[in-house]
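Q: Below is a structure I'd like to ask you about.
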Amino acid sequence: MSSSLERQQASFMSSMSAASSKLAGTKRTLAPPSPSPSVGSVASAIAAGNSTPRKTADRVDTPAHNIVYSQPAATGTGLNIITQVTYAIAWLRGKDEPRTYLEILGHLSGLHWSPSYQEEFVEAMRRTREIQWIPDPNLSEQTWQSGTYLHRPKVPGVRNKTQLLAYLQKKTDASCVGVKELKDGWPDCEKAINELEAEHKILVIRVKKEGSPRYVWLDDPSLFHEVDPELKVMWQKVEVPGTDTIVQRLKAASQKPASEDPRDKMTAAPKAEKKKRAQRRTGKATNTHMEHLLKDYSHMKR
């Protein structure tokens, strides 16, 4: 048995040595890289007399001059009618007197516009709520070139302290006036608001962070009474009991506290158990007047 294994091992070793000798005898060669033009080869070619190096067929020369491939014909910046109307509103906001359409076009540098475009612009201004068109009283028939234009603010006719007080006095309700709406026709109104507040003629609600006025109400100076500073200090030193303590004291005095949550009573009250309704049982419906016909007569068979 061992001799057969030795013979197989010897034959395997001989086959492996023969295969390794064959692999050692064969050499794999790689193809050299294709030559590419280098700086040295191009310089040598120029020195030999070829002033221009050879170009491949696939290479495309780029033109020397600059070419603009895309350029918008008109960007439309500032030429839109809505944009021009917005500029006109901003310009009229700072004017106290009415202005003609020529003065507005001069501010917008639009005197060179075509007559059709100017007419379209004027019609857009007349349709805008922020601009008031005042017809020419000397003309019986108005044209697109007639009349003057004035800014129409959100709060009309308020541009000083006297007009503001008059506007607040005419109000039939106790609603406020927003400072933002006042600034639409009176941009520098904050100084006048501060002065009227110091005179106790108006009530002002301010923004917490910036302290700027936000809403304005009418006030009466005759209702204002100066409080002694010592009394203010004493008032600030009084400690107010907590909410729980106030609720307990009110309940002890048989009074209902306003801070009591009605939902607490709902949760504390026991829920009444609902009685279950007995289900109605429905039996077979029979015709009582036909009971004698439905009797079993099978026992009478012969």
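The values are calculated or read from the model by the stated rules, or taken from the named source; none is laboratory data. Note that this is a predicted model, so its numbers are computed, not measured. Neighbour counts are summed over all protein chains in view; Cβ atoms, including those assigned to glycine, are modelled from backbone coordinates with ideal geometry. The area values use the complete protein model at the heavy-atom level, side chains included, leaving out ligands, DNA and RNA. Shrake-Rupley method; radii C 1.70, N 1.55, O 1.52, S 1.80 Å.
Q: Among the chymotrypsin sites (Phe, Trp or Tyr not before Pro) within segment 110-162, which fall in a DSSP loop and have no more than 15 other Cβ atoms within 10 Å of their own Cβ?
A: For chymotrypsin sites (Phe, Trp or Tyr not before Pro) across segment 110-162 that sit outside H, G, I, E and B with at most 15 neighbouring Cβ atoms in 10 Å, the list reads W144.
Q: To continue, here is another question. From the gyration tensor of the Cα coordinates in segment 179-267, what semi-axes in whole Å does the equivalent ellipsoid have, largest first, with each one equal to sqrt(5λ)?
A: 40, 21, 12
Q: Over segment 128-278, what percent of the accessible surface lies on carbon and sulfur atoms, probe 1.4 Å?
A: Ligands and nucleic acids excluded, carbon and sulfur reach 54 percent.
Q: So what is the orientation-averaged projected area of segment 103-217, using the convex hull of its C-alpha atoms, in nm²?
A: Dividing the Cα hull surface by four gives the mean projection, 10.4 nm².
Q: Can you give the Rg to Rh ratio of segment 86-155, both from alpha-carbon atoms, with Rh computed by the Kirkwood formula?
A: Ratio of gyration radius to Kirkwood radius: 0.94.
Q: Further question: Please identify the GluC sites (Glu not before Pro) of segment 192-260 that satisfy two criteria: DSSP loop assignment and at most 12 other Cβ atoms within 10 Å. Which are they?
A: The qualifying sites are E199, E210, E226, E239, E260.
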